[in-house]
Amino acid sequence: MIEVGDLERKSRFDALVRPFLDALGVPFLVSLAEQYLKLKGNTVKALREAGVSDYIATTVSKFNLAVTGETPPAVVMDAFQILQGRKPGPGFASNGLGFQLTESREFFSVLCAIGEMYRAVHGHRLVFVADEAARLEEVDNDEATLAHWIAVNRDIFDDKNNSFGFIYTLTGKANRLPRAIWDPQIQNRIGQSAFELRNLARPDVEQYLTKLIDFLVDKSKVNSLVNAGTIDKDKFNLQSYPFITPARDRFVDFFQRSQENAKPRDISDRLDLLGFIAIKSGSRLIDDKCLEKANM
């Protein structure tokens with residue numbers, strides 16, 4: 001899972017491929033390629049048969065020149081940069097890695113190659129998740145760049161892609177999604193696989209908070225702190241912990257008043273902030289003063 005970074009109007013799909021590969025890392029890819037070679041016998045031939053382009057299949061095969069657990073040779077690092085969409089250095093041509101990736105099909109092939117190796121080795125699919133995809137609105141402003149993204153996403157969401165899974169997540173209205181991921185050509189491929197998660201109503205916020213705290217808190221240790229006097233017994237209520245009772249109600253009410261923030265991630269982030277404020281003030285409980293400092 002990666003977060004879509006800042007994009008410019010001419011940013012291409014390497015803006016996602018690069019952080020995905022950074023997240024996986026060279027040691028992961030070396031190990032995966034090593035296992036795939038043992039399984040298939042010929043990396044290039046097997047990847048070609050899986051629909052990967054010749055150039056990407058050849059580039060991926062360079063990872064077989066490294067050994068798991070050892071420092072990879074320069075050609076492997078060259079291959080990694082090629083897959084990221086970076087411009088080849090002067091020595092790349094001698095390794096058979098002569099050009100920079102620019103075409104939509106090549107970028108799709110990078111994910112396809114990794115996904116196909118993972119599926120063959122582990123027996124299930126690797127899923128790439130791109131969060132904050134609303135930033136793709138920027139590429140809608142350049143027709144050539146937009147066409148590039150649409151072409152990549154057509155391949156990604158085509159029924160013929162059995163090599164890997166892909167998810168875009170974003171906050172926004174269903175009828176105002178970036179064209180790069182919601183062009184009619186892509187809508188036809190996604191079909192019923194687009195889901196809108198609505199912000200939480202007050203009872204849902206209450207339920208989420210309760211279940212989150214039940215999962216995270218060791219209540220026996222909390223009771224020990226109360227008995228030892230570390231937590232103020234007069235203010236403590238296990239049902240409201242880590243809040244005092246009025247503060248918990250105020251916390252939940254905040255998300256009723258601020259519905260745009262009533263999402264699990266936002267609730268968790270606010271809870272983290274309040275916990276930090278309470279600890280900094282020397283308190284074991286979150287009270288109204290903590291909420292005031294958090295502008296709640």
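Working carefully through the options Asp214, Asp218, Asp249, find the one that is surrounded by 12 or more Cβ atoms within 10 Å (Cβ to Cβ), of a type in the set (Asp, Glu) and modelled with pLDDT of 90 or more. Being surrounded by 12 or more Cβ atoms within 10 Å (Cβ to Cβ), of a type in the set (Asp, Glu) and modelled with pLDDT of 90 or more holds for just one of Asp214, Asp218, Asp249, which is Asp249.
Scan segment 183-197 for residues that are assigned to a loop (DSSP other than H, G, I, E, B) and either under 20 Å from the mean Cα position of the chain (by Cα) or within 14 Å of Asn153 (Cα to Cα) (or both) and the total you get is 7. Pairing each residue of segment 195-206 that is loosely packed, with under 10 Cβ neighbours inside 10 Å with any residue that is of a type in the set (Gly, Ala, Ser), provided the two are 6+ apart or on different chains, yields C-beta distances under 7 Å for Glu196/Ala174. Within segment 135-173, if we keep just the residues that are small (Gly, Ala, Ser) and in contact with a helix residue (DSSP H, G or I) (Cβ under 9 Å, 6 or more places away or on another chain), the residue that is farthest from Asp6 (Cα to Cα) turns out to be Ser163. Residue-level analysis places Val110 outside the set of residues that are in contact (Cβ under 8 Å) with a residue 60 or more places away in the chain, touching a Pro at 6+ places or on another chain (Cβ under 8 Å), buried (at least 19 other Cβ atoms within 10 Å of the Cβ) and part of a helix (DSSP H, G or I). Part of a loop (DSSP other than H, G, I, E, B), assigned by TED's automatic domain parsing to the domain that holds Thr171, of a type in the set (Gly, Ala, Ser) and in contact with a Ser or Thr (Cβ under 9 Å, 6 or more places away or on another chain): does that describe Gly85? Spelling it out, Gly85 is indeed part of a loop (DSSP other than H, G, I, E, B), assigned by TED's automatic domain parsing to the domain that holds Thr171, of a type in the set (Gly, Ala, Ser) and in contact with a Ser or Thr (Cβ under 9 Å, 6 or more places away or on another chain).
The residues of segment 252-278 that are over 14 Å from Met296 (Cβ atoms) and surrounded by 18 or more Cβ atoms within 10 Å (Cβ to Cβ) amount to a single one, Lys263. Of the residues making up segment 169-181, at least one is surrounded by 15 or more Cβ atoms within 10 Å (Cβ to Cβ), over 22 Å from Leu101 (Cα atoms) and either touching a strand residue (DSSP E or B) at 6+ places or on another chain (Cβ under 6 Å) or in contact (Cβ under 8 Å) with a residue 60 or more places away in the chain (or both).
Taking the stated definitions as given, is Ala130 among the small types (Gly, Ala, Ser) and in a helix (DSSP H, G or I)?
So Ala130 fails the test.
Pairing residues of segment 257-278 that are without any contact (Cβ under 8 Å) to a residue 12 or more places away in the chain with residues that are exposed (fewer than 13 other Cβ atoms within 10 Å of the Cβ) and in a helix (DSSP H, G or I), at Cβ distances under 9 Å and at least 6 apart in sequence or on separate chains, gives Asp266/Glu260. Is segment 20-33 home to any residue that is within 21 Å of Ala151 (Cα to Cα) and surrounded by 16 or more Cβ atoms within 10 Å (Cβ to Cβ)? Yes, that holds for at least one residue.
Residue pairs whose Cβ atoms lie under 7 Å apart, sitting 6 or more positions apart in sequence or on different chains, and linking a residue in segment 43-59 that is in contact (Cβ under 8 Å) with a residue 40 or more places away in the chain to a partner that is basic (Lys, Arg) and surrounded by fewer than 17 Cβ atoms within 10 Å (Cβ to Cβ), are Ser53/Arg105; Ala57/Arg48.
Would you mind stating whether Thr171 is closer than 22 Å to Ser11 by Cβ and assigned to a loop (DSSP other than H, G, I, E, B)? So Thr171 passes the test.
The values are calculated or read from the model by the stated rules, or taken from the named source; none is laboratory data. Computed from a prediction, not measured in an experiment: that's the story for all the values here. Because the Cβ atoms are built from the backbone with ideal geometry, glycine has one as well, and the counts that use them run over all protein chains shown.
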